[in-house]
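S.K.: There's a structure below that I have some questions on.
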Amino acid sequence: MTDAPLLIPVLGDQLTPDIAALRASDRKDAVVLMMEVADETTYVKHHKAKIAFILSAMRHHARRLRDLGWYVDYVRLDDPGNSGSLTGEVARAVDRHRPRAIHVTEAGEWRVQAMLDGWSDRFAIPVTIHQDDRFLCSHAEFDAWAAARRQLRMEYFYRDMRRKTGLLLNADGGPEGGQWNYDADNRKPAPARDLLMPQPVRFRPDATTQEVLEMVAERFADHIGGLGHFHFAVTHEEAMRQQRRFLDEALPRFGDYQDAMMTGEPFLWHSVLSPYINAGLLDPLALCEEVERRYRAGKAPLNCAEGFIRQIIGWREYVRGIYWHEGPDYARRNALNATRDLPGFYWTGDTDMHCLRQAIGQTIDHAYAHHIQRLMITGNFALLAGIDPHQVHVWYLEVYADAYEWVELPNTLGMSQFADGGLLGSKPYASGGAYINRMSDYCGTCRYDVKQRTGDDACPFNSLYWDFLARNEKKLARNPRLAMPYRNWAGMAEKDRAAIREQAARVLDALT
Ligand code: FAD
Ligand code: DLZ
Ligand code: SF4
């Protein structure tokens, strides 16, 4: 190594061996810096399993980089002298290695990018920030796409990503099967119990993970969640095993049951790959290419392959684009002026509402819930109850192993809470108990009656749904997609409307 090497900080969600800053550098001439720091583990109170997953995956990644010939300077959380911040650790590494320059891959979120942007002034050495090309769409490309449009709808963005990648195109360059989107085929309700359900691979913690689990249990005892169910892959090879498990066993029904919910079945036919994709252990494009191969080999139907690919090159890229396009103030939007505090049962699952108990209970156990649980159970309830969207955002950022602000915030604040006023979705994802009853088996064993709107046994979602519409009438009544529910509301007898609103007031009072 030369006297003055390059310093290459690699962040906890950059666990990809050929990430841009590494690919652009010579391993004989560089110090890779990986830092476990208190600030990142506590800027929100992450679920214990999320912290353990990221720290263990970081430690395994350092080993992988060393095997590939990199010199890795690794700072552990409990190292004496650990300053507790990314910038503090870069400062200490600059003192240790006297680098001639810093090369780093852009950060995933505004908060950390602001730190990177300050490093060249602070350390008086050149800092090169490489674009993170693990994503298909750069910030500049998304901004150009958005500039040309009045409405930023995912569907049109997605079609451009299909054309860009060539995924599921036919010989004429049109969409495979003649349609871009097969979502209408993907709404089957909860299936019968006797269907054989795939389960994600459960990885036994090795000595490195064990050490991290012990440290996390001790140091983050007051954070949500347990470690008893810790099952995450922590290496690329393990993540690839889960990828294969998904492709072999779950992909063929992924689309069909994408929106279904079942008691005691957290994973259904979902991939459970988001923590690995987001941390860098899996390559999203290679995964989509493999899904297409399975379709072309007749091993997965088109509605499943297209549905899965859409989630990754459509939704995942689109929400990232929105996050960076809208700027750091996006996190403070509150279009519906919702101000109520998040109920305590979001941290315990201790509620009589069976759907919420299921979704929150498995979140506490596994740091995982699938999309419809996040959107139509925990998200829907918070929306209907008028919970402060910033508190809802912080909760989602804390509790899921895949949660980083760039992906969590637009999903929560935009899609789920309508706090951006409809930038992401053309109408709020609000529903009463009927939707939950149709898509799940939850209501059958609930203490509440999903058919009732008022009375002690009435499903709380029902009165809250109408109360939500009534409360927000000035802001939402002109939305053409809500015309029908507002007509139904107006068509109810005055005394029924009053009874529903009184019922909703009682439900809301009981939350505090
Ligand atoms: P699958 O159902 O198997 O989907 C396949 C993949 O598609 C996922 O692994 C993920 O990479 C991608 N994907 C699917 N939907 C989305 C989406 N809406 N946005 C971005 N990527 C998507 N996803 C996160 O990765 N991190 C988050 O912090 C996050 N927060 C969310 C908060 C709310 C309120 C909602 C409604 C959704 C959120 N999502 C988030 C999106 C989605 O719920 C998760 O990606 C998904 O549940 C992860 O489980 P899975 O890997 O089994 O996904
Ligand atoms: C989420 C997380 C946690 C819990 N801990 C660390 C850490 O100790 N060191 C680190 O480099 N990254 C960590 N991360 C991930 C960062 O928060 C992530 O890189 C930022 O969210 C930027 O997207
Ligand atoms: Fe949830 Fe209402 Fe169904 Fe109970 S009855 S599970 S509260 S939707």
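S.K.: Please state which one of Phe220, Phe230 is farther than 20 Å from Ile377 by Cβ, crowded, with 24+ Cβ neighbours inside 10 Å and not hydroxyl-bearing (Ser, Thr, Tyr). Let's see the steps before the verdict.
M.R.: On the way: Phe220 fails: crowded, with 24+ Cβ neighbours inside 10 Å.
That would be Phe230, the only listed residue that is farther than 20 Å from Ile377 by Cβ, crowded, with 24+ Cβ neighbours inside 10 Å and not hydroxyl-bearing (Ser, Thr, Tyr).
S.K.: Among the helices (runs of 4 or more DSSP H) lying completely within the stretch 297-370, list those that include at least 1 residues that are without any contact (Cβ under 8 Å) to a residue 40 or more places away in the chain. Walk me through how you get there before you give the answer.
M.R.: On the way: elements: 302-309, 317-326, 354-366.
Answer list for the stretch 297-370: 354-366.
S.K.: Would you please name the residue that is farthest from ligand 2 (Cβ to nearest atom), looking only at residues in the stretch 371-411 that are closer than 21 Å to Val507 by Cβ and not in a helix (DSSP H, G or I)?
M.R.: From the stretch 371-411, those closer than 21 Å to Val507 by Cβ are 373, 375-389, 391-392, 395; that's our starting set.
Pick out the ones that are also not in a helix (DSSP H, G or I) and you get 386-388.
Working: Gly386: 29, Ile387: 24, Asp388: 22 Å.
Step by step, filter the stretch 371-411, then rank; the result is Gly386.
S.K.: Which of the residues that make up the stretch 240-283 are part of a helix (DSSP H, G or I), in contact with a helix residue (DSSP H, G or I) (Cβ under 7 Å, 6 or more places away or on another chain) and within 16 Å of ligand 2 (Cβ to nearest atom)?
M.R.: Pro275, Tyr276, Ile277, Asn278, Ala279, listed by residue number.
S.K.: Counting only residues that are under 20 Å from Lys495 (Cβ atoms) and either more than 16 Å from ligand 3 (Cβ to nearest atom) or open to solvent by 20 Å² or more (accessible area, probe 1.4 Å) (or both), how many does the stretch 463-483 have?
M.R.: Of the residues in that region, 6 qualify.
S.K.: Condition first: touching an Asp or Glu at 6+ places or on another chain (Cβ under 8 Å) and within 7 Å of ligand 2 (Cβ to nearest atom). Now tell me which residues in the stretch 37-49 satisfy that. Show your work before the answer.
M.R.: We begin by selecting, within the stretch 37-49, every residue touching an Asp or Glu at 6+ places or on another chain (Cβ under 8 Å); these are 37, 44-47.
Correct list: Val37, His46.
S.K.: Please count how many residues of the stretch 161-198 are modelled with pLDDT of 95 or more, within 26 Å of the chain's Cα centre (by Cα) and surrounded by fewer than 14 Cβ atoms within 10 Å (Cβ to Cβ).
M.R.: Matching residues across the stretch 161-198 total 3.
S.K.: Give the stretch 413-449 a look and list any residue that's open to solvent by 20 Å² or more (accessible area, probe 1.4 Å) and in contact with a strand residue (DSSP E or B) (Cβ under 9 Å, 6 or more places away or on another chain), or say none.
M.R.: Asp441, Cys443, Tyr448, Asp449
S.K.: Now for a separate question. Any chance you could count how many residues in the stretch 121-166 are within 21 Å of Ile19 (Cα to Cα) and of a type in the set (Gly, Ala, Ser)?
M.R.: 2
S.K.: Turning to a different aspect of this structure: Of the conditions (1) in contact (Cβ under 8 Å) with a residue 24 or more places away in the chain; (2) assigned to a helix (DSSP H, G or I); (3) surrounded by 15 or more Cβ atoms within 10 Å (Cβ to Cβ); (4) not β-branched (Val, Ile, Thr), Glu155 satisfies every one except a single condition; which number is it?
M.R.: So the condition that Glu155 fails would be (3).
One line per residue, one yes/no per condition, for (1) touching a helix residue (DSSP H, G or I) at 6+ places or on another chain (Cβ under 9 Å); (2) among the aliphatic types (A, V, I, L, M):
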position: Gly298; (1), (2): no, no
position: Asn303; (1), (2): yes, no
position: His325; (1), (2): yes, no
position: Asn334; (1), (2): yes, no
position: Leu342; (1), (2): yes, yes
position: Cys355; (1), (2): yes, no
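S.K.: Are any of the residues in the stretch 430-442 touching a residue at least 12 places away in the same chain (Cβ under 8 Å) and touching a Leu at 6+ places or on another chain (Cβ under 6 Å)? Steps first, answer last, please.
M.R.: Let us first name the residues in the stretch 430-442 that are touching a residue at least 12 places away in the same chain (Cβ under 8 Å), namely 430-442.
This time we only want the ones that are touching a Leu at 6+ places or on another chain (Cβ under 6 Å), so: 430.
Looking for residues that are touching a residue at least 12 places away in the same chain (Cβ under 8 Å) and touching a Leu at 6+ places or on another chain (Cβ under 6 Å), one finds at least one in the stretch 430-442, hence yes.
S.K.: Going through Leu409, Leu423 one at a time, which residue ends up being closer than 30 Å to Phe53 by Cα and away from ligand 3 (no atom under 16 Å from the Cβ)? Even if it seems obvious, please write down each step before you answer.
M.R.: Details: Leu423 fails: closer than 30 Å to Phe53 by Cα.
That would be Leu409, the only listed residue that is closer than 30 Å to Phe53 by Cα and away from ligand 3 (no atom under 16 Å from the Cβ).
S.K.: Here are Leu397, Leu336, Leu383, Leu356: which of them is within 25 Å of Asp183 (Cβ to Cβ) and either modelled with pLDDT under 95 or buried (at least 19 other Cβ atoms within 10 Å of the Cβ) (or both)? It would help to see each step written out before you state the result.
M.R.: Values: Leu397 fails: within 25 Å of Asp183 (Cβ to Cβ); Leu336 fails: within 25 Å of Asp183 (Cβ to Cβ); Leu356 fails: within 25 Å of Asp183 (Cβ to Cβ).
Checking each option against the conditions leaves just Leu383.
S.K.: Within the stretch 290-302, can one find any residue that is under 18 Å from the mean Cα position of the chain (by Cα), open to solvent by 10 Å² or more (accessible area, probe 1.4 Å) and within 14 Å of ligand 1 (Cβ to nearest atom)?
M.R.: Narrowing the stretch 290-302 to residues under 18 Å from the mean Cα position of the chain (by Cα): none.
Within the stretch 290-302, none of the residues are under 18 Å from the mean Cα position of the chain (by Cα), open to solvent by 10 Å² or more (accessible area, probe 1.4 Å) and within 14 Å of ligand 1 (Cβ to nearest atom).
The values are calculated or read from the model by the stated rules, or taken from the named source; none is laboratory data. All of these numbers come straight from a predicted model, not from anything done at the bench. Because the Cβ atoms are built from the backbone with ideal geometry, glycine has one as well, and the counts that use them run over all protein chains shown. Just the protein is used for accessible areas: all its heavy atoms, side chains included, with ligands, DNA and RNA removed. Shrake-Rupley method; radii C 1.70, N 1.55, O 1.52, S 1.80 Å.
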